[in-house]
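Here's the structure we're looking at; comments come further down.
The values are calculated or read from the model by the stated rules, or taken from the named source; none is laboratory data. Since we're looking at a predicted model, the values are computed, not measured. For neighbour counting, all protein chains shown are included, and Cβ atoms are generated from backbone atoms with ideal geometry for every residue, glycine included. We work out accessible area using only protein heavy atoms, side chains counted, and drop any ligands, DNA or RNA first. Shrake-Rupley method; radii C 1.70, N 1.55, O 1.52, S 1.80 Å.
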Amino acid sequence: MNHPHTPHASFSTTPLYLSAPDAVALVRRKGLKNCIAGMAEYIRADFLRWPDFDKSARVANHSQGGVIELMPIADDTTYSFKYVNGHPHNTAIGLSTVMAFGVLADVATGAPTLVSELTLTTALRTAATSALAAKALARPNSRVMALIGNGAQSEFQAIAFQHLVGIDTVRLFDIDPQATTKLFANLSATGLKLQVCTSVAEAVQGADIVTTITADKACATIVTADMLAPGMHINAVGGDCPGKTELAADVLQAAKVFVEYTPQTRVEGDSQQMPADFAVTELWQVLNGTRTGRDNDAQITVFDSVGFALEDFSALRFMHEAALALGYGERLHLIPQLSDPKNLFVTLLDAGHKASALPLPCLATAIA
């Protein structure tokens, strides 16, 4: 099938660098909802090419306070990776819970073509993926969403579901009332109906879609089976590493469960609670029509989303092409530029030493 391609490296040793301020300016210029919608289309296009990718679960280094991960993936022309952390207690010292950057590179040469911030971009791509899955799995007439966890990702989820899924009412809850106050203020001009709730159970009541996006690294049971209603779709985003869950096991047992990449989700997602043979369906199979999504309007569906490298591949492609089209970013002198690619040492020599280091025929020519 036809799909957008990352621009060729042209054997350049100066990849485009897209800083956090440039990414913010780009999103403001294009419009947030347009960027989320655009990323969703890129993600969909790449998921439809699923067999074309060399895939693996991310590499994670866990500590008591959080996790640092590398997320690589490639097709036959473009390689990407993302560096990302998750440290829930960072906000107490003025740092973001999640910080990220990423790279695109040309597979044929290995030359990097883009080095980009991915903290903001990850928020956009996560929201885009959630909305893409909900369009495929939730009931078409879904209008009310419960948003459990009102931190840095929550605004993006609300706006994505408003514009891509048709949500018009969002019911808010967080154990930190200040987070909910922040979210309410940030969404006040969006046209969404906002309802502040005092518990998870209150927020979930009457919701067509439930989005859980909490940060604590704990085996939590935020949503339990007694909160479920026929036809509900659960967008479970926060359970994304070993020992970190949001849904009770009986919620999964009551639902048809969909995932991004099964080997990763069984270790990191809410599905880590379930037996190894617990049935799940990968989202790409629903998007390409080889597997069914929702079977009926009464069925409960769960998107057990942990975040997969292909989504970052798509998001980096989107940001790269948008930056080139709109003139954002600058060239980064990341790789030494060599007149003789076999002579790296010469970069350390001053001009006089460089001349004396030339082979004898060349040195004679230089003296002459």
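Need at least 1 residues that are open to solvent by 40 Å² or more (accessible area, probe 1.4 Å), at pLDDT 95 or above and touching a Pro at 6+ places or on another chain (Cβ under 6 Å) per element, so show me which strands (runs of 3 or more DSSP E) inside segment 51-108 make the cut, counting only ones lying wholly within it.
In segment 51-108, 78-86 are the strands (runs of 3 or more DSSP E) which contain 1 or more residues that are open to solvent by 40 Å² or more (accessible area, probe 1.4 Å), at pLDDT 95 or above and touching a Pro at 6+ places or on another chain (Cβ under 6 Å).
Scan segment 29-50 residue by residue and report those that are over 16 Å from Leu287 (Cα atoms) and assigned to a loop (DSSP other than H, G, I, E, B). Of everything in segment 29-50, just one residue is over 16 Å from Leu287 (Cα atoms) and assigned to a loop (DSSP other than H, G, I, E, B), namely Gly31.
Does segment 148-155 include one or more residues that are in contact with a helix residue (DSSP H, G or I) (Cβ under 6 Å, 6 or more places away or on another chain), small (Gly, Ala, Ser), farther than 30 Å from Thr14 by Cα and not in a helix (DSSP H, G or I)? Taking every residue of segment 148-155 in turn, at least one turns out to be in contact with a helix residue (DSSP H, G or I) (Cβ under 6 Å, 6 or more places away or on another chain), small (Gly, Ala, Ser), farther than 30 Å from Thr14 by Cα and not in a helix (DSSP H, G or I). Report yes if some residue within segment 201-217 is in a strand (DSSP E or B), touching a residue at least 12 places away in the same chain (Cβ under 8 Å), in contact with a helix residue (DSSP H, G or I) (Cβ under 7 Å, 6 or more places away or on another chain) and within 21 Å of Val98 (Cα to Cα); otherwise report no. Yes, segment 201-217 has at least one match.
For Pro4, the conditions (1) of a type outside the set (Val, Ile, Thr); (2) more than 15 Å from Ala322 (Cβ to Cβ); (3) at pLDDT below 95; (4) surrounded by fewer than 16 Cβ atoms within 10 Å (Cβ to Cβ) all hold with the exception of (2).
Residues in segment 298-338 that are out of contact with any Asp or Glu (no Cβ under 9 Å at 6 or more places or on another chain) and basic (Lys, Arg): Arg331 alone. When the criteria are applied in full, Ala236 fails the requirement of being modelled with pLDDT of 95 or more, open to solvent by 10 Å² or more (accessible area, probe 1.4 Å) and of a type in the set (A, V, I, L, M, F, W, C). Residues that are surrounded by fewer than 23 Cβ atoms within 10 Å (Cβ to Cβ) and under 29 Å from Ala100 (Cα atoms) within segment 138-152 comprise Gly151, Ala152, listed in sequence order.
Just the residues that are closer than 20 Å to Ala215 by Cβ and open to solvent by 70 Å² or more (accessible area, probe 1.4 Å), please, taken from segment 183-193. Of everything in segment 183-193, those that are closer than 20 Å to Ala215 by Cβ and open to solvent by 70 Å² or more (accessible area, probe 1.4 Å) turn out to be Phe184, Asn186. What is the one condition in (1) among the hydrophobic types (A, V, I, L, M, F, W, C); (2) out of contact with any Phe, Trp or Tyr (no Cβ under 9 Å at 6 or more places or on another chain); (3) in a helix (DSSP H, G or I) that Ala136 does not satisfy? Just one mismatch for Ala136, condition (2). Within segment 294-339, can you find the residues that are among the hydrophobic types (A, V, I, L, M, F, W, C), open to solvent by 40 Å² or more (accessible area, probe 1.4 Å) and closer than 25 Å to Gly269 by Cβ? Across segment 294-339, the qualifying residue is only Ala298. When we screen Leu95, Leu147, Leu172, Leu70 for residues that are within 22 Å of Ala218 (Cα to Cα) and free of Cβ contacts under 8 Å to residues at least 12 places away in the same chain, the only hit is Leu95. Taking first residues from segment 28-42 that are under 18 Å from Thr122 (Cβ atoms) and partners that are of a type in the set (Ser, Thr, Tyr) and buried (at least 16 other Cβ atoms within 10 Å of the Cβ), the Cβ contacts under 8 Å between residues at least 6 apart in sequence or on separate chains come to Met39/Ser314; Ala40/Thr129; Tyr42/Ser314.
Counting residues in segment 259-278 that are of a type outside the set (Ser, Thr, Tyr), surrounded by 13 or more Cβ atoms within 10 Å (Cβ to Cβ), within 20 Å of the chain's Cα centre (by Cα) and part of a loop (DSSP other than H, G, I, E, B) gives one or more.
Looking only at segment 155-182, residues that are among the small types (Gly, Ala, Ser) and open to solvent by less than 10 Å² (accessible area, probe 1.4 Å) come to 2 in all. Checking Arg139, Arg125 one by one, the residue that is farther than 27 Å from Glu321 by Cα and not small (Gly, Ala, Ser) is Arg139 and no other.
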